[in-house]
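Asker: Below: one structure in structure tokens.
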Amino acid sequence: MNRKKIFWLVFVFMFLPVSLWLGAQESRNNPVAVSPGSDTEAAAVWQSCPTFSWSAVNQAASYRVEVFELANPKVDTYENMAALSSPVLSKDIPGPALTFTLSSEESLKTGSMYAWYVQALDASGNIIGQWSNGRIFKVEQEIRFLGIEEKLGEILRGYGVSEEVITHALKDMQSGVKEIVVRDAGSTASSKDSPGTGLIQGYEGDSNTYFGKFAGAHNTAESSTFLGYAAGISNTTGCGNTFVGIYAGYFNLTGYQNTFLGKYSGLWNVYGYSNTFLGHLSGGNNSIGNENTFLGDRAGFSNTGGYSNTFVGMSAGYSNTLGLRNLFLGYKAGYNETESDKLYIANSDTSSPLIYGEFDNSILTINGKLGIGTKTPGYPMELVTTGINAAITARRTDGATNFMNSTASYAQFGAVSNHAVRILVNSTWKMSVNTDGSLSMANGATCTSGGVWTNASSRDLKENIECLSSDEAVDALHNLSPVKYNYKADKADHHVGFIAEDVPELVATADRKGMSPMDVVAVLTRVVQEQEKIISDLQERMAKIENEK
């Protein structure tokens, strides 16, 4: 078979996964089996306990994975496979997990071929959709890279990739390795190093670099680096991409300037551009979303078309599909948030994160205590300083500046600008300290800057107005008992006055704990008026007597 025929055969069967995916987009009820294996041939697997992974299905509560042992490397439907034999492994995986790794007790036999399928189940255990496509693989003896570790590690470090990511990338690329064939840029590949032969494809051109079986298999654009098994396998015209990890950027077609680091990172990206996904399955379902940054295992996992999001932390923003301009920081931060322009800083999937914000409404909420200068605040907000004043201000550029502070000698609050200071109760002002030092009460009472107090006494403020009779006034005056005393809080300061509990009811307050000086003045005024009348009458009588002599 000549090279041209080989190329077209490879082209057709390598794009079969893309066709399957496009069909899956029309009906996401059917999960897609992703790894391990191939749907065209028995791909080599170098561990007896491989990791199985598949795509998500809406409303799925769990997934059932079944593995069958094969005699011939032929992919068949699940129904035909189940009619011929029983599965060697059947396992239900609770959602939202999309991967699981066999335990040592479940390990497969070296040298045997297997086919596996996955199906989605709802919360009641009912089947959703149909079984997935089948993928077949053969368990081989694990082998190591032959002389590529040092070269590949050097390339990855040149791109600023961490040692941890380099280690994972090398491990992922072991799948399918029998020998290394590195082609120089511009050279013609022989049939033995074409995709599908079980060899790692290596290529270093003027602007593209591929390492890993099927990596960059269909790329025609420039300035891309694909490292890992099937990394960037579907990419055609997308340029400036860096995909590192098994299946990283697997379905990317024309998306450009993306950086995907991690197993299955950016798996479903098709047209999205300028995304940065770091971590296993980070941005796993992103299809057309742009300018996103997802850092962490499964960060931004469900995003399909949202853009300008930043999710940092394992499973941060996990459920957000179409949100825009969100910022989620921390383990599972914003896990259940589906809207846009939100800020979450948390270390769980709580809906009340430590810090919450709404960028579009200019809202910032702290669900806890805020300490400034202290790690152990005892109040919702506490400011602690030493050697300098602790001050909090609220300033309007076109108005007053409110000020509250504590010094070494006293605490104070008020305005540092030339504005009155009002004291509110229930959002209504009750007292005002005016710029000239006077006081104004909402009820009309005032105190001048010189210290003269004036009670509110307008007729407009009063009702049930009656004249105080002379008898009431005289009786109240007779029952007033002046005393000398000092307050318990200040034993050195002596006063004269009255005891509220002992004064007549006429001049006492309702709770008998205080009295108004004006009440006493009113009583005295009425008594004096009565006495003035009596004196006037006596004077008239005396004058009349004098005239009669």
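Asker: Just to confirm my filter: which strands (runs of 3 or more DSSP E) fall fully inside region 221-335 and include at least 3 residues that are farther than 30 Å from Thr350 by Cα and in the same structural domain as Glu164 (by TED's automatic domain parsing)?
Answerer: Fully inside region 221-335 and qualifying: 225-227, 242-244.
Asker: Then there is this: Just one of the numbered conditions (1) over 27 Å from Trp46 (Cα atoms); (2) at pLDDT 95 or above is not true of Tyr271; which one?
Answerer: With respect to (1) over 27 Å from Trp46 (Cα atoms); (2) at pLDDT 95 or above, Tyr271 is out only on (2).
Asker: Another question, then. Considering only region 271-284, how many residues are surrounded by fewer than 21 Cβ atoms within 10 Å (Cβ to Cβ) and in contact with a Leu (Cβ under 9 Å, 6 or more places away or on another chain)?
Answerer: 2
Asker: From the list Ser536, Ser516, which one is over 60 Å from the mean Cα position of the chain (by Cα) and hydroxyl-bearing (Ser, Thr, Tyr)?
Answerer: Testing whether each residue is over 60 Å from the mean Cα position of the chain (by Cα) and hydroxyl-bearing (Ser, Thr, Tyr) leaves just Ser536.
Asker: Follow-up. Could you please give the count of residues in region 349-381 that are outside any strand (DSSP E or B), at negative phi and in contact with a strand residue (DSSP E or B) (Cβ under 8 Å, 6 or more places away or on another chain)?
Answerer: 8
Asker: Quick check on region 126-139. Is at least one of its residues exposed (fewer than 13 other Cβ atoms within 10 Å of the Cβ), free of Cβ contacts under 8 Å to residues at least 12 places away in the same chain and not acidic (Asp, Glu)?
Answerer: Yes, region 126-139 contains a residue that is exposed (fewer than 13 other Cβ atoms within 10 Å of the Cβ), free of Cβ contacts under 8 Å to residues at least 12 places away in the same chain and not acidic (Asp, Glu).
Asker: Answer yes or no as to whether Lys488 is free of Cβ contacts under 8 Å to residues at least 12 places away in the same chain and more than 24 Å from Trp429 (Cβ to Cβ).
Answerer: yes
Asker: Then there is this: If I ask for residues that are closer than 16 Å to Asn269 by Cβ and buried (at least 24 other Cβ atoms within 10 Å of the Cβ), which ones from region 285-305 would you list?
Answerer: If the condition is that a residue be closer than 16 Å to Asn269 by Cβ and buried (at least 24 other Cβ atoms within 10 Å of the Cβ), then Asn286, Gly289, Asn292, Phe294, Arg298, Ala299, Gly300, Phe301, Asn303 are the ones that fit.
Asker: Where in region 431-549 are there strands (runs of 3 or more DSSP E), lying wholly inside it, with at least 3 residues that are of a type in the set (Asp, Glu) and more than 29 Å from Val421 (Cβ to Cβ)? Explain how you work it out, then say what you get.
Answerer: Details: elements: 439-441, 483-487, 490-497.
Correct list: empty, since no element meets the threshold.
Asker: I need the full set of residues from region 93-115 which are without any contact (Cβ under 8 Å) to a residue 60 or more places away in the chain, of a type in the set (S, T, N, Q) and in a loop (DSSP other than H, G, I, E, B), in order please.
Answerer: Selection gives Ser103, Ser107, Ser112.
Asker: Please state which of the following conditions Val521 fails to meet, knowing it meets all the rest: (1) over 24 Å from Trp453 (Cα atoms); (2) surrounded by 11 or more Cβ atoms within 10 Å (Cβ to Cβ); (3) hydrophobic (A, V, I, L, M, F, W, C).
Answerer: Here Val521 meets the rest and fails (1).
Asker: A further question follows. Give me a count of the residues in region 412-426 that are of a type outside the set (Val, Ile, Thr), touching a strand residue (DSSP E or B) at 6+ places or on another chain (Cβ under 7 Å) and farther than 16 Å from Ser438 by Cα.
Answerer: So the count comes out to 4.
Let's see how each residue does on (1) at pLDDT 90 or above; (2) of a type in the set (Val, Ile, Thr); (3) exposed (fewer than 14 other Cβ atoms within 10 Å of the Cβ):
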site	(1), (2), (3)
Lys4	no, no, yes
Phe15	no, no, no
Gly23	no, no, yes
Ser27	no, no, yes
Gly37	no, no, no
Gln47	no, no, no
Asn72	no, no, yes
Met81	yes, no, no
Thr101	no, yes, yes
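Asker: For the structure I just gave you, tell me whether Arg395 is among the charged types (D, E, K, R), in contact with a Lys or Arg (Cβ under 9 Å, 6 or more places away or on another chain) and under 30 Å from Ile372 (Cα atoms).
Answerer: no
Asker: Taking Ser409 as the residue in question, decide whether it is out of contact with any strand residue (DSSP E or B) (no Cβ under 6 Å at 6 or more places or on another chain) and surrounded by 13 or more Cβ atoms within 10 Å (Cβ to Cβ). So that I can check it myself, show each step before the final result.
Answerer: Details: out of contact with any strand residue (DSSP E or B) (no Cβ under 6 Å at 6 or more places or on another chain): yes; surrounded by 13 or more Cβ atoms within 10 Å (Cβ to Cβ): no.
Spelling it out, it is not the case that Ser409 is out of contact with any strand residue (DSSP E or B) (no Cβ under 6 Å at 6 or more places or on another chain) and surrounded by 13 or more Cβ atoms within 10 Å (Cβ to Cβ).
Asker: The conditions are (1) in a loop (DSSP other than H, G, I, E, B); (2) without any contact (Cβ under 8 Å) to a residue 40 or more places away in the chain, and Ser90 fails exactly one of them. Which is it?
Answerer: For Ser90, the failing item is (1).
Asker: Return yes or no: is Thr386 polar (S, T, N, Q), at pLDDT below 90 and farther than 30 Å from Met518 by Cβ?
Answerer: Numbers: polar (S, T, N, Q): yes; at pLDDT below 90: yes; farther than 30 Å from Met518 by Cβ: yes.
Criteria met by Thr386.
Asker: For region 414-430, give me each residue that is assigned to a loop (DSSP other than H, G, I, E, B) and surrounded by fewer than 11 Cβ atoms within 10 Å (Cβ to Cβ).
Answerer: Asn418, Asn426, Ser427
Asker: List the pairs whose first member sits in region 204-229 and is under 18 Å from Leu267 (Cα atoms), whose second member is of a type in the set (D, E, K, R), and whose Cβ atoms are under 7 Å apart, counting only residues at least 6 apart or on separate chains?
Answerer: If the second residue must be of a type in the set (D, E, K, R), the pairs left are Gly228/Asp172; Tyr229/Asp172; Tyr229/Lys213.
Asker: Hey, another quick one. Which residue pairs have Cβ atoms closer than 7 Å, lie 6 or more positions apart in sequence or on different chains, and pair a first residue in region 53-66 that is more than 22 Å from Pro36 (Cα to Cα) with a second residue that is modelled with pLDDT under 90 and among the small types (Gly, Ala, Ser)?
Answerer: As it stands, the answer is Ala61/Gly95, since those pairs meet every condition given.
The values are calculated or read from the model by the stated rules, or taken from the named source; none is laboratory data. This one's a predicted model, so the numbers in the text were calculated from it and none came from an experiment. Note that each Cβ is placed from the backbone with ideal geometry, even for glycine, and that neighbours are counted across all protein chains shown.
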